[in-house]
1. Given the conditions (1) among the aliphatic types (A, V, I, L, M); (2) modelled with pLDDT under 95; (3) closer than 18 Å to Tyr219 by Cβ, and given that Leu162 satisfies all but one, which numbered condition is not satisfied?
2. Of these, Leu150, Leu215, Leu126, which one is out of contact with any helix residue (DSSP H, G or I) (no Cβ under 7 Å at 6 or more places or on another chain), over 21 Å from Cys43 (Cα atoms) and aliphatic (A, V, I, L, M)?
3. Looking only at residues in region 64-83 that are surrounded by 15 or more Cβ atoms within 10 Å (Cβ to Cβ) and either part of a loop (DSSP other than H, G, I, E, B) or within 12 Å of the ligand (Cβ to nearest atom) (or both), which one is modelled with the highest pLDDT?
4. List pairs: first in region 175-187 and under 23 Å from Asn156 (Cα atoms), second charged (D, E, K, R) and in a helix (DSSP H, G or I), Cβ under 8 Å, 6+ apart or cross-chain?
5. I need the strands (runs of 3 or more DSSP E) fully contained in region 138-202, keeping only those with at least 2 residues that are surrounded by 18 or more Cβ atoms within 10 Å (Cβ to Cβ).
6. Is it true that Ile222 is modelled with pLDDT of 95 or more, surrounded by fewer than 24 Cβ atoms within 10 Å (Cβ to Cβ) and more than 7 Å from the ligand (Cβ to nearest atom)?
7. For residues that are farther than 15 Å from Lys130 by Cβ and more than 10 Å from the ligand (Cβ to nearest atom), tally how many sit in region 168-178.
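The values are calculated or read from the model by the stated rules, or taken from the named source; none is laboratory data. Keep in mind that this is a model prediction, so the values were computed, not measured. FYI the Cβ positions are ideal-geometry reconstructions off the backbone, even for glycines, and counts take in every protein chain you see.
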Amino acid sequence: MTDYDPAENARKSYDVAIDAMREKLASFRCERIHDATLYLGDCREILPLLPKVDAVVTDPPYGIGKDGQKRTTGGHGGRKAYDFMGWDASRPEPETFAALLNAGAQHVIWGGNYFADLFPPTGKWLVWDKGQRINQSDGELAWTSRQGALRIFELNRVALMLDGAQHPTQKPVEIMQWSIEQLESPRTILDPFMGSGTTGVACAKLGRKFIGIELEPKYFDIAVKRIDEAYRQPRLFKDEPPKPKQEALL
Ligand SMILES: C[S@@+](CC[C@H](N)C(=O)[O-])C[C@H]1O[C@@H](n2cnc3c(N)ncnc32)[C@H](O)[C@@H]1O
């Protein structure tokens, strides 16, 4: 007769579950560039397979149909044309936001005004003031998980032209760098709606680890290229990267 050991049984079940998660994660295309790990796929499938990170810094679809645009030649310099892809038809489901909150210890979520009903009330909202008062939005809002004073960063929207805009809703790198700096020294940052990889570029510049997820292969390839290029640039730390700490399993 064999002895049944509940602790040993639990350990084996845990090992089997971890192996199954690793195998599923390995089924997604993955690119590793220095401290960045990028997954091509649906964040609703990938998020549950990842270890918890220090911070989620992201810019989800707002559900306002801005996933493409016609070229304009208006009086304020005009806008570039982008094919309509359909991903901004609706905002992510409440379950996706729950998974996103669960994925990290701290959060910055751009488009916060479109999702405010899904987050707990906090004080430290971020405002990107676009520096111009024209016929477009004067700025954008991010919800953060932190209490404290609201902060405003003024940066003219033409910063995007200097970055080389390649995505219809691309954020300036400076805005994502500033967003990360508003948190308590996160070492590993996750962006589950990576788009053209701006958060990853900001992480490369700040010396932080990055995990990105993007559904559209076209944007994923742009993100790979931009993050790779960012790592080729000389890095000037504005602050010391936070000290290493114990990583989770997986
Ligand atoms: C608002 S854009 C992010 C733009 C990004 N901040 C940048 O600077 O390029 C949202 C992105 O989420 C992607 N997306 C939408 N649903 C997704 C999903 N379920 N999983 C992963 N990515 C998704 C879209 O393809 C789009 O590129």
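1. Exception for Leu162: condition (3).
2. One residue alone meets the criteria, Leu150.
3. Step by step, filter region 64-83, then rank; the result is Tyr82.
4. What qualifies is Gln177/Lys205.
5. Those strands (runs of 3 or more DSSP E) span 139-144, 188-191.
6. Here the answer is yes, as Ile222 does meet what is asked.
7. 1
A quick yes/no check of all residues on (1) among the charged types (D, E, K, R); (2) over 22 Å from Leu190 (Cβ atoms):
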residue: Pro121; (1), (2): no, yes
residue: Asp129; (1), (2): yes, yes
residue: Ile134; (1), (2): no, yes
residue: Arg146; (1), (2): yes, no
residue: Ile152; (1), (2): no, yes
residue: Ser179; (1), (2): no, no
